[in-house]
Amino acid sequence: MNLMSRVTRLGCALAFCCLALVLWGVPGTRALNNGLAMTPTMGWLHWERFMCNVNCQEEPDSCISEKLFLQMAELMVSDGWKDAGYQYLCIDDCWMAPQRDSKGRLQADSNRFPNGIRHLADFVHSKGLKLGIYADAGNKTCAGYPGSYGYYDIDAKTFADWGVDLLKFDGCYCDSVKHLADGYKQMSLALNRTGRSIVYSCEWPLYAWPFVKPNYTEIRQYCNHWRNSADIYDSWQSVRSILDWTSSNQESVVPAAGPGGWNDPDMLVIGNFGLSQDQQVTQMALWAIMAAPLFMSNDLRHISPEAKGLLQNKDVIAINQDPLGKQGYRLRKSDNFEVWERPLSNLAWAVAVVNLQDIGGPRSYTIPIASLGKGLACNPACLITQLLPVKTKLGFYEWTKSLKTQINPTGTVLLRLESASKIASKSSL
Ligand code: GLA
């Protein structure tokens, strides 16, 4: 080999190493390698609304049973949820029989799921939907059903055999942080070994936080999404505390999100009892800014047109599902207002202004345009559309201008900013 070709080879090897190092450092490159959740997962999950109601005698319409999921599957298709992007119909805790079968496999409660999970999965698939299920890394699930500890491979195989498409894996009853971490990793590998595409939804950091600062680079290598903060309740206080948690920890969590792996602030409770219309707007807008998995937990048989319109809002879902896959963050907090922003593909940005004051009436907030999108969103100008609470075209804004918004107490104004130069280059094509 002559000297020149050796030098060229060395150069190529060095360039390859540098590229590998650069990619290693870029968030979003080292995700769980299952090709799933390239945008945040969307679906329905029973927990917040139906909890562990196993009393089918007294409450046949709201107990955790095959019937509930068959009805939700029908509605997800007939009422436009599937078309809006909500694809995963997910079972949470309390579906299991109290004992494993004679071969050590988990089994569904035979009174409440008389035809078993395989039958439910077949039905869900026949509707063009996907089925999610729940298990736990520890000795028991949070509600006390059989845990997967010591059974990771068997359980992964059982779920794959049944045709399950998503696993929510909880972390109750783990006796150490090591047990917790090992459990989450082993189940991830076990799911991969089944060869079936199964979205892996974790709660690993939530259970790790009281003991150690979670290693998000590692978590991202094993999970498609991960819960960080306490369970959501049907209340404004709960939604607010999740937003506070996320913004207070944004330096740790925001860089971890990207195609294939997302921070999960828990279910959407829109359509239930606890949030006013303005607060529902705030949840929808901020879950879009946070690139959150969108799992509704509500009763699709009884939902107001306002809640349905909000949950199916195409413009807001497009922000949540933006292919750039970068999570937004809180930009500013002052006088009980918060401004959040999220970079989007094609140099666009989403901006949310939240009025956290829960006394008085609507308040106005003025944003200097130059302060948005790291100074780039509207340089030299941008087209601004208000998406929530009502869609309104606000027109072109130059970099030097300000935008005045009016926001109801506990409500949010969600804006989309399109770069004027991008619009000009599109129209000249
Ligand atoms: C934990 C989880 C909840 C739900 C319950 C079920 O609290 O965080 O989302 O799955 O367990 O028991």
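The values are calculated or read from the model by the stated rules, or taken from the named source; none is laboratory data. Nothing here was measured: the structure is a model prediction, and the numbers come from that model. In this analysis, Cβ positions are derived from the backbone assuming ideal geometry, glycine residues included, and neighbour counts consider all displayed protein chains. SASA here: full protein model, heavy atoms, side chains in, ligands and nucleic acids out. Shrake-Rupley method; radii C 1.70, N 1.55, O 1.52, S 1.80 Å.
What to note about this one:
- Check on residue 237, surrounded by fewer than 18 Cβ atoms within 10 Å (Cβ to Cβ) and assigned by the TED database to the domain that holds residue 93: yes
- Selection count, region 75-87, where residues are out of contact with any helix residue (DSSP H, G or I) (no Cβ under 9 Å at 6 or more places or on another chain) and within 21 Å of residue 134 (Cα to Cα): 0
- Count of region 170-184 residues which are away from the ligand (no atom under 13 Å from the Cβ) and either under 24 Å from the mean Cα position of the chain (by Cα) or not hydroxyl-bearing (Ser, Thr, Tyr) (or both): 9
- Candidates are the residues of region 217-227 that are within 14 Å of residue 255 (Cα to Cα) and buried (at least 22 other Cβ atoms within 10 Å of the Cβ); the one that is farthest from the ligand (Cβ to nearest atom) is 220.
- Exclusive hit being open to solvent by less than 30 Å² (accessible area, probe 1.4 Å) and either among the β-branched types (Val, Ile, Thr) or on the phi > 0 side of the Ramachandran plot (or both), set 138, 144, 183, 163: 163
- Any helices (runs of 4 or more DSSP H) falling wholly within region 31-116 and containing at least 1 residues that are modelled with pLDDT of 95 or more and aliphatic (A, V, I, L, M): 66-78, 81-84
- Every residue from region 247-272 that is away from the ligand (no atom under 16 Å from the Cβ) and either more than 16 Å from the chain's Cα centre (by Cα) or assigned to a helix (DSSP H, G or I) (or both): 247, 248, 249, 250, 251, 252, 253, 254, 255, 256, 271
- Residue list for region 396-429, filter: part of a strand (DSSP E or B) and either open to solvent by less than 20 Å² (accessible area, probe 1.4 Å) or not assigned by the TED database to the domain that holds residue 349 (or both): 403, 405, 407, 412, 413, 414, 415, 417, 419
- Scanning region 109-134 for residues that are without any contact (Cβ under 8 Å) to a residue 40 or more places away in the chain and touching a Leu at 6+ places or on another chain (Cβ under 9 Å) yields one hit, 125.
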